[in-house]
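Data first, discussion second: the structure below is written as structure tokens.
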Ligand code: FES
């Protein structure tokens, strides 16, 4: 199922923007003008919003304890997080950004 979450012009460059998809918070990451990735907004270590963390290229840093995640794969790259976060496919069509989620 494809859910429209934003217009391209509304998504900040070099940062993560929190969006809601079917009642779930997702961090929409834009590491470059043409690239969009979507990950669960909640850290896999404890309760923290990853969209409040710093995005550097394809790594986002949890603002609470500093774990890093790869936004392309969801892999936890550094402690204290050990579990991956979920990723979602992003589609851009006619300046609209969509996130694909299971039905
Ligand atoms: S809550 Fe994210 S690293 Fe602890």
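The values are calculated or read from the model by the stated rules, or taken from the named source; none is laboratory data. All figures in this text were calculated on a predicted structure; none of them were measured in a lab. Cβ coordinates were reconstructed from backbone atoms using ideal geometry, including for glycine residues, and neighbour counts include every protein chain displayed.
Some observations on this one:
- Filtering region 92-102 to residues that are assigned to a loop (DSSP other than H, G, I, E, B) and surrounded by 14 or more Cβ atoms within 10 Å (Cβ to Cβ) leaves only 101.
- Answer from 49, 44 - the residue that is farther than 23 Å from residue 95 by Cβ, within 8 Å of the ligand (Cβ to nearest atom) and at pLDDT 95 or above: 44
- Residue match in region 27-36 (condition: surrounded by 13 or more Cβ atoms within 10 Å (Cβ to Cβ), part of a loop (DSSP other than H, G, I, E, B), within 14 Å of the ligand (Cβ to nearest atom) and in contact (Cβ under 8 Å) with a residue 12 or more places away in the chain): no
- Flag for residue 76 being crowded, with 17+ Cβ neighbours inside 10 Å, within 11 Å of the ligand (Cβ to nearest atom) and without any contact (Cβ under 8 Å) to a residue 24 or more places away in the chain: no
- Failed condition for residue 89, given (1) surrounded by fewer than 20 Cβ atoms within 10 Å (Cβ to Cβ); (2) in contact with a helix residue (DSSP H, G or I) (Cβ under 9 Å, 6 or more places away or on another chain); (3) in a strand (DSSP E or B): (2)
- Among the residues making up region 47-66, those that are more than 18 Å from residue 19 (Cα to Cα), part of a loop (DSSP other than H, G, I, E, B) and without any contact (Cβ under 8 Å) to a residue 24 or more places away in the chain are 64, 65, 66.
- All positions within region 52-70 that are more than 16 Å from residue 87 (Cα to Cα) and near the ligand (Cβ under 9 Å from one of its atoms): 53, 63, 64, 65, 66, 67
- Residue within region 5-22 that is in a loop (DSSP other than H, G, I, E, B), surrounded by 17 or more Cβ atoms within 10 Å (Cβ to Cβ) and either touching a helix residue (DSSP H, G or I) at 6+ places or on another chain (Cβ under 6 Å) or at pLDDT below 95 (or both) present: no
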